[in-house]
Structures are given as C-alpha cells and as structure tokens.
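The values are calculated or read from the model by the stated rules, or taken from the named source; none is laboratory data. Predicted, not measured: the structure shown is a model, and the values here were computed from it. As a convention, Cβ positions derive from the backbone with ideal geometry for all residues, glycine included, and neighbour counts pool all protein chains shown.
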Amino acid sequence: MVAQQRSLLNADAFAATIAQVRQQLSQQQIDIFINVRSDVFLLNTQDAIEQAKQRIALYTAAGANGIFLHCLEKAEDIQAICEFSELPINVMCMPQLADFTQLQAWGVKRISMGNFLFENMQQHLKTQLNCITLQQSFAGLF
C-alpha cells in the first residue's frame with residue numbers, strides 16, 4: 001500500500017522489523033550495514049529531538065548500524081543527537097547545513113546529497129542547451 005502522505009511508522013513496530021531483518025541476515029551469515037532512516041525532522045514533528053533519541057535507542061537495540069536523519073540541520077540539534085547516539089549519524093545536505101569540518105567536529109559520519117546535485121546539474125544542462133539553441137552556436141560552452 002502506498003500512502004498519499006508521509007507519516008512515521010510506530011517506533012516499536014519498526015524496531016521489531018529491524019530486529020527481524022537483523023536476525024534473518026545473521027542466520028544467513030550476511031554481514032551488512034543497516035542504516036535506518038527516520039523522518040522526525042523532515043516531518044517537523046513536535047519534540048523532534050526527543051522522538052529522534054527514542055527511535056535511536058530502539059533501533060540501536062534492534063541491531064541498526066547507523067541512523068539517517070533527513071532534514072537535521074540545526075547546529076544544536078546535530079550536536080545533541082551526535083552526543084546521544086552510539087551509532088554513526090548521517091545527515092542530508094540542506095541549505096543551512098554546516099560545513100564538513102564543523103559536521104565532523106560534531107560527530108556526523110556521513111552526508112547524503114540525495115538528488116540535489118543531480119537536479120542542479122540538470123538545471124545547468126538545460127540552461128546551457130537553451131543558450132546553444134538561442135545562439136545557434138556552441139561558443140557559449142567555451
């Protein structure tokens with residue numbers, strides 16, 4: 001079933017799913033990194049920090065190896081989450097996200113670009129192609 005709107009799954013139920021996946025992987029002797037995404041910041045939930053911490057604790061106990069918090073970009077939130085979590089924290093590139101050096105100092109282990117870079121490249125390509133068409137020349141490329 002596809003939902004029309006984003007929503008958070010019940011944290012306990014999702015932790016049980018993670019534990020089940022981890023158990024099945026272990027039984028098959030498959031060693032794989034499980035990076036669990038939580039959208040508490042993306043959905044701008046009330047008490048996002050506390051919800052994130054609750055989910056991190058549950059998902060850690062269930063066997064997750066990393067936590068991906070999409071739209072986590074405020075300095076104080078990133079620091080609080082990184083200090084709390086024993087798992088690596090992954091964030092998404094966002095307009096207000098700190099630079100790599102600062103994120104590393106706070107404890108962030110991975111930054112995802114999502115499709116932002118590709119969208120930017122597509123827009124640049126579209127602009128260049130429009131210029132070529134309007135000018136009827138490739139001179140603008142050089």
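Filtering the range 94-109 to residues that are at pLDDT 95 or above, exposed (fewer than 14 other Cβ atoms within 10 Å of the Cβ) and of a type outside the set (Asp, Glu) leaves Phe100, Thr101, Gln102, Gln104, Ala105. Search the range 57-93 for residues being in contact with an Asp or Glu (Cβ under 7 Å, 6 or more places away or on another chain) and not β-branched (Val, Ile, Thr), and hand back the single one that is modelled with the lowest pLDDT. Top of the filtered list is His70. Within the range 41-60, residues that are over 15 Å from Val91 (Cα atoms) sit with their Cβ atoms under 6 Å from residues that are among the β-branched types (Val, Ile, Thr) and assigned to a helix (DSSP H, G or I), at 6+ positions apart or across chains, in these pairs: Tyr59/Ile18. Going by the conditions given, is Gly63 crowded, with 17+ Cβ neighbours inside 10 Å and more than 17 Å from Val40 (Cα to Cα)? Yes. Entry remark, the range 47-72: residues being under 15 Å from the mean Cα position of the chain (by Cα) and at positive phi number 1 in total. Counting the residues of the range 21-42 that are surrounded by fewer than 10 Cβ atoms within 10 Å (Cβ to Cβ) and not in a loop (DSSP other than H, G, I, E, B) gives 1.
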